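The values are calculated or read from the model by the stated rules, or taken from the named source; none is laboratory data. What you see is a predicted model; the values in this text were computed from it and never measured. As a convention, Cβ positions derive from the backbone with ideal geometry for all residues, glycine included, and neighbour counts pool all protein chains shown. In case anyone asks, the SASA skips ligands and DNA or RNA and just uses the protein heavy atoms, side chains included. Shrake-Rupley method; radii C 1.70, N 1.55, O 1.52, S 1.80 Å.
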Amino acid sequence: MGTVTAIRDGLMNFVSRLGTRADKASANTYVVPFVPQEEIEAAYRTSILRKVVEIIPFDEVREWRTWQADVGTETTPIEELENKFNIRQKIFMARALARKDGGSAIYVSVANTGAASSPLDLERVALDSLRSVTVFTKYEVTAGSRDLDIESPNYGKPESYSVPTATGTETIHHTRII
């Protein structure tokens, strides 16, 4: 019959390099799959994902906290304020949204402290000056320009945030966002 030659079928997979002498693992790469927000929301609302997302935030606020103060100082006004603005539920919501979407923000609106775009002056905050506490998803908040002053304690973080409103967008200074 003559000489025997090796037979190859010529199949070559350029992705796995099948049919070549290269290592099959050399074509592997790691990518982060893109999942649209609508798909994440649908999975959150219709599957066990809700329990997975909410179990840690729920545990964080389950026992909440007990305020302690110096003798003669009353903690009741703080507790009443927390109840009035439903702070426990809003912390839970923000933590759950951060786990589900990858981020969230809490905006603190305080009366008599200037515009939302100006820094919050804690010296001007009085007992009854809290107006509202609002939770935003990461899709509702846009970070502004970054603080590039190397000496700043806020270095590398946004100087402000923008949120949509009925009349356009509102700029909020970073000191008013948690």
From the phi angles alone, apply the Karplus equation (6.51, -1.76, 1.60; θ = phi - 60°) to region 141-155 and give each ³J(HN,Hα) in whole Hz, x where the residue is Gly or Pro. 10, 10, 6, x, 5, 7, 6, 9, 7, 4, 7, 6, x, 9, 3
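Going through region 40-93, which GluC sites (Glu not before Pro) have at most 11 other Cβ atoms within 10 Å and a DSSP loop state?
Passing sites in region 40-93 are E63, E74.
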For region 94-171, run through the chymotrypsin sites (Phe, Trp or Tyr not before Pro) and keep only the ones in DSSP coil with at most 16 other Cβ atoms within 10 Å of their Cβ. Y139, Y155
Would you please give the residues with an amide H less than 5 Å from that of G103, counting only those at least 5 places away or on a separate chain, with H modeled from the backbone geometry? A98, K138
Roughly how many Å is it from the Cα centre of region 130-166 to that of region 78-102, as a whole number? 18 Å
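Measure off, as a whole percent, the carbon and sulfur share of the 1.4 Å-probe accessible area of region 18-168, all protein chains present.
On the way: 5930 of 11000 Å².
Percent of accessible area from carbon and sulfur atoms in region 18-168: 54.
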Checked region 44-178 with the C-alpha gyration tensor, a ≥ b ≥ c its square-rooted eigenvalues, rounded below a/c of 1.5, otherwise prolate if a/b is larger than b/c and oblate if not; verdict oblate
What list of ³J(HN,Hα) couplings, whole Hz, do you get for region 166-178 from phi and the Karplus terms 6.51, -1.76, 1.60, once you set θ to phi - 60° and write x for glycine and proline? 5, 10, x, 10, 10, 8, 10, 5, 4, 6, 9, 10, 10
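If I take every Cα pair under 8 Å that is 6 or more residues apart in region 51-178, average their sequence separation and divide by the length, what percent do I get for the relative contact order?
Values: 173 pairs, mean separation 28.1, N = 128.
Answer for region 51-178 is 22 percent.
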How much accessible area per residue does region 102-178 have, counting only protein heavy atoms and a probe of 1.4 Å, in square angstrom? 62 Å²
Counting other Cβ atoms within 10 Å, which trypsin sites (Lys or Arg not before Pro) in region 53-134 have at most 12 and lie in a DSSP loop? R62, R65
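Need one word for region 117-160: rounded, prolate or oblate. Basis is the Cα gyration tensor (sqrt eigenvalues a ≥ b ≥ c); a/c below 1.5 gives rounded, then a/b vs b/c decides.
Details: a/c = 3.44, a/b = 1.30, b/c = 2.64.
Oblate is the answer for region 117-160, as a/c is 1.5 or above yet b/c matches or exceeds a/b.
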Computed ³J(HN,Hα) along region 98-110: with the Karplus parameters 6.51/-1.76/1.60, θ = phi - 60°, integer Hz and x for glycine or proline, the list is 5, 6, 6, 9, x, x, 6, 8, 10, 9, 10, 9, 10
